[in-house]
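Asker: So that we are looking at the same thing, I have put the structure below in structure tokens.
Every number here is computed from the coordinates shown, using simple stated rules; none is lab data. Bear in mind the structure is a predicted one, so any value in this text is a computation, not a measurement. Positions of Cβ are generated from backbone atoms using ideal geometry, with glycine treated the same way; all protein chains shown enter the neighbour counts.
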Amino acid sequence: MLEDCKSALERWGGVHQLIDRWLDERRELLVHFVALKQACDVELEAVSKADIDRFSELLMDYISAGHFEIYPQLRDEAKAFEDEAALNLADSLLTRLEMSTELVLAFDAEYNSPGRVRQHLGRLPAWIERLAHGLTERFGLEDQLIARVHAAHAPDAARAELGS
């Protein structure tokens, strides 16, 4: 039993570290988002493809990490704890996350070449506003998912329950 507890702590502690790194990526993404928004506000014509590419790269990496690393880990955790309510919530939230994923993919496609950047630069401020709305909703959904699935099963939560 002690070994099971130890491996659970190691496994879900590892998930916690994965989530921490992902949230650090979110912070970096937001820094670049704000810088791109400010650049659009100051002088749209001065926004470079490199600025857009760096932001888009961070955005795609963040979205991909969520879909291919974080969300599957959270679902596995809910399954391991036989938490049907968390699994149902995860399924519901993941469906809602698809809308912002589609938005991100459309943004990436809109600005994926120098010619497209020149052609669509005038639309960038509107894209920034749409992304602000979509990412705000996405981050809120992701935070709900983490709070309900992972935080409820985190090693610290388990220790606190054992101490009660």
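Asker: What is the sum of charges, Lys and Arg at +1 and Asp and Glu at -1, for the other residues whose Cβ falls under 11 Å from the Cβ of residue 59? Let's see the in-between values first.
Answerer: Numbers: positive: 26, 54, 138; negative: 25, 28, 53, 57, 61, 108.
Here the count lands on -3.
Asker: Could you work out the local net charge near residue 43, counting Lys and Arg as +1, Asp and Glu as -1, over the other residues with Cβ closer than 13 Å to its Cβ? Present the calculation step by step, with values, prior to reporting the outcome.
Answerer: Working: positive: 37; negative: 41, 45, 51.
After counting each charged neighbour, the total is -2.
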